[in-house]
Amino acid sequence: MYDAIFVTPWPWWVAGPAIGLIVTLMAWIGGKALGVSTAYGSACAIVSKAAFFQTREYREPWRLAFVVGLPLGGLVAAVLAGAFAPGLAYGQLDALTGGSLATKAGLLFGGGLLIGAGARWAGGCPSGHSIVGIAQGATSSIVATLAFMVGGFAVLNLLFAVLGG
Amino acid sequence: MHWTAFTLFGALFGFVLSRSRVTDYNAIAGMFRLTDLHLFGVIGAAIAISALGLWIVRRGGNRTVTGQAVEVRRKPWQSGAIWGGLVFGAGWALSGA
C-alpha cells in the first residue's frame, strides 16, 4: 500500500482524477481557479512598475503562496519515495546533450525564457489553460492547449532529430 | 480563506504532480514523441474530473464552503493564445517543465 501511494508513479487514471479533485477543492474551499504561471507575473509586479503587471490579476497574494507550496510538495513526494537525490541528472536530456553541462544549461535556460514569455502571452499555462480552462469550455484555453502541443511536438522532435537520441 | 493557506494547496498540487510524472522530463519527451501516452491520460482525466467538480460547485450557487463568491472565470479569447501557446510549447519541450 505504501509503495502504491508513495513509491511507484501513479497511473494516469489515479493522477488525472487527483488533479481534478485539487482543482475542485481550490474552487470550493479557496474560491480560486488553480493556476501556476500567473504567479510569475505576481513576482514581477513586486519589482516592476510596468502597466502590464499592475492589473488585479497579478496583485493577488494567494498566487505566490500557492507556488511556494509546489516545490515543498515535490520535496515531500521525493523524500517519501526514498528518491530524494539532488543532482543534475535530467533523464533523456542527458543523452541528448552528450553529457555537456553547458549545452544542457543553455537548453534549460532558453526553455525557461520561452515558458515565461509564452505563458504570459498565451494568458496561462497547462494548469490554468489546459486543465481548468478547458474544463470550463473556454475557446482560448482549447486553442492555447493545441498550440502548446504543436509547439512542443515540433521543437522536441527537431531536438531529437538534430542531436540524435 | 487566508491567502497564506494556499501554500497547502500548492504543496498538495506539487506532491500530486511529482507522483504523476508530470515533472519527469522523460514523460514529457514521451508525450511529444508519442512514445509514452501517460501524460495525455493524466491531462484528459484531470480535465474530465475538473469539469465535473466545477460544474457541481457552479450548481451549488458558485459559493465556497464559507459562503464567499467563487472566482473561477472563463479566460477571454485573445490571439496570444496561438502565438504565446506555440512559444510556451517550445519551452516546454526544451526544459521539460
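The values are calculated or read from the model by the stated rules, or taken from the named source; none is laboratory data. Here the structure is a predicted model, which is why all the values come from computation and not from measurement. Counting neighbours? That spans all protein chains shown, and the Cβs are built from the backbone with ideal geometry, glycine included.
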Go through the stretch A:22-51 and give me each residue that's modelled with pLDDT under 95, of a type in the set (A, V, I, L, M, F, W, C) and farther than 23 Å from B:Ala97 by Cβ.
A:Ala50, A:Ala51
Please state which one of B:Asp36, B:Asp24 is at the interface with chain A (Cβ under 7 Å from one of its Cβ atoms) and within 16 Å of A:Gly152 (Cα to Cα).
B:Asp24
Within the stretch B:67-78, is even one residue modelled with pLDDT of 95 or more and in a helix (DSSP H, G or I)?
no
Under 30 Å from A:Gly82 (Cβ atoms) and either among the acidic types (Asp, Glu) or not in a helix (DSSP H, G or I) (or both): is that true of B:Ala97 in this structure?
yes
Among the residues that make up the stretch A:91-111, is at least one of them surrounded by fewer than 22 Cβ atoms within 10 Å (Cβ to Cβ), out of contact with any Asp or Glu (no Cβ under 6 Å at 6 or more places or on another chain), more than 7 Å from every other protein chain (Cβ to nearest Cβ) and under 27 Å from A:Tyr58 (Cα atoms)?
yes
Those residues of the stretch A:1-38 which are surrounded by fewer than 21 Cβ atoms within 10 Å (Cβ to Cβ), touching a residue at least 24 places away in the same chain (Cβ under 8 Å) and assigned to a helix (DSSP H, G or I), in sequence order:
A:Phe6, A:Val7
Could you list all residues from the stretch A:112-146 that are within 7 Å of chain B (Cβ to nearest Cβ), of a type in the set (Ser, Thr, Tyr) and either touching a residue at least 40 places away in the same chain (Cβ under 8 Å) or surrounded by 22 or more Cβ atoms within 10 Å (Cβ to Cβ) (or both)?
A:Ser130, A:Ser140, A:Ser141
Looking at (1) touching a residue at least 24 places away in the same chain (Cβ under 8 Å); (2) under 18 Å from B:Thr23 (Cβ atoms), can you tell me which one A:Tyr90 breaks?
(1)
Has the stretch A:52-74 got at least one residue that is at pLDDT 95 or above, more than 8 Å from every other protein chain (Cβ to nearest Cβ) and under 17 Å from the mean Cα position of the chain (by Cα)?
yes
Could you list all residues from the stretch A:8-42 that are more than 7 Å from chain B (Cβ to nearest Cβ) and not aliphatic (A, V, I, L, M)?
A:Thr8, A:Pro11, A:Gly35, A:Ser37, A:Thr38, A:Tyr40, A:Gly41, A:Ser42
Only one of these conditions is not met by B:Phe88: (1) under 29 Å from A:Ala105 (Cβ atoms); (2) of a type outside the set (S, T, N, Q); (3) more than 8 Å from every other protein chain (Cβ to nearest Cβ). Which number is it?
(3)
Please work out which residue is nearest to A:Val67 (Cα to Cα), limiting yourself to the stretch B:1-21 and to residues that are at the interface with chain A (Cβ under 7 Å from one of its Cβ atoms) and of a type in the set (Gly, Ala, Ser).
B:Gly10
Only residues that are crowded, with 21+ Cβ neighbours inside 10 Å, within 17 Å of the chain's Cα centre (by Cα) and in a helix (DSSP H, G or I): list them for the stretch B:13-37, please.
B:Phe13, B:Gly14, B:Phe15, B:Val16, B:Leu17, B:Ser18, B:Arg19, B:Ile28, B:Met31
